[in-house]
Amino acid sequence: MVVFLVIYLASLSLLVSEGESVHLFCRGNPSNEKRTSDMWGSGHYGASRGDRIHKGVDIRCEDGDDVLAPFDVTLEGALSVFTDPKMAAINSGINLRGKGLCFKLFAVRPDRNFGLVRKGERIGTMLPMQTVFPGITSHIHVQMCDRTDPTQYF
C-alpha cells in the first residue's frame, strides 16, 4: 500500500531541477497525462515514426485548450514545425527556457512570443490537431532543444 501511494504521488508530482514540481501544461489535463498509443503511433520519446524517431514527449491536451507554463519560463520566439502545407492548422509552437532547461512546445498558438510567463499562467492555445490527424489523441509535443529525452522533466 505504501509503495503504491509513493508511486502514485510521484506520478502526480513530476519534478524538475531544484525539486520544484511541474504545473500542468493543459488546463484539461491536471496530471500531465502522456499520450500513449493510438492509430497514429505512440507519444513516448524514441517511438518509431516510420523512417525517423520521435524526439519528444506528447502530453495529452484537448484541441482549443489553454496551454499553461509548467514553471516560470522565458518565451524565446515562435517556431514553425512543418513544411507540408497540409499541416498548416498545427504548424505553430514556441521556444522556452526555465529551470535550466531549454525546450519547445509544438501544436501551440502562443499568445505572445517573448517575455516571462509565471508558473500556471497561460502561454497560448492548443491547435486543432483533429483536423490534421483525425482520431489521434490530441497533444502538445514537448521537445528539448538538444533533442535529448525530456521524460525525466515532464
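Some observations on this one:
- Looking only at segment 39-57, and only at residues there that are outside any strand (DSSP E or B) and in contact (Cβ under 8 Å) with a residue 60 or more places away in the chain, the one that is surrounded by the fewest Cβ atoms within 10 Å (Cβ to Cβ): Met39
- Filtered by the rule that a residue be open to solvent by 30 Å² or more (accessible area, probe 1.4 Å) and in contact with a His (Cβ under 7 Å, 6 or more places away or on another chain), segment 117-130 gives a lone residue, Lys119.
- Arg60 being of a type in the set (Lys, Arg), open to solvent by 10 Å² or more (accessible area, probe 1.4 Å) and without any contact (Cβ under 8 Å) to a residue 40 or more places away in the chain: no
- Filter pass, Arg97 being open to solvent by 30 Å² or more (accessible area, probe 1.4 Å) and within 18 Å of Pro150 (Cα to Cα): yes
For every residue, the table says whether it meets (1) out of contact with any Leu (no Cβ under 6 Å at 6 or more places or on another chain); (2) open to solvent by 30 Å² or more (accessible area, probe 1.4 Å); (3) assigned to a helix (DSSP H, G or I); (4) among the aromatic types (Phe, Trp, Tyr).
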{"site": "Gly77", "(1), (2), (3), (4)": "yes, no, no, no"}
{"site": "Val81", "(1), (2), (3), (4)": "yes, yes, no, no"}
{"site": "Leu105", "(1), (2), (3), (4)": "yes, no, no, no"}
{"site": "Arg112", "(1), (2), (3), (4)": "yes, yes, no, no"}
{"site": "Gly115", "(1), (2), (3), (4)": "no, no, no, no"}
{"site": "Gly135", "(1), (2), (3), (4)": "yes, yes, no, no"}
{"site": "Ile140", "(1), (2), (3), (4)": "no, no, no, no"}
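- Ser11 in a loop (DSSP other than H, G, I, E, B), at pLDDT below 95, hydroxyl-bearing (Ser, Thr, Tyr) and more than 19 Å from Gly135 (Cβ to Cβ): no
The values are calculated or read from the model by the stated rules, or taken from the named source; none is laboratory data. Small disclaimer: the values here were computed from a predicted structure and weren't measured. Cβ atoms come from the backbone with ideal geometry, glycine included; neighbour counts cover every protein chain shown. To get the accessible areas, we keep the full protein, side chains included, count just its heavy atoms, and leave off ligands, DNA and RNA. Shrake-Rupley method; radii C 1.70, N 1.55, O 1.52, S 1.80 Å.
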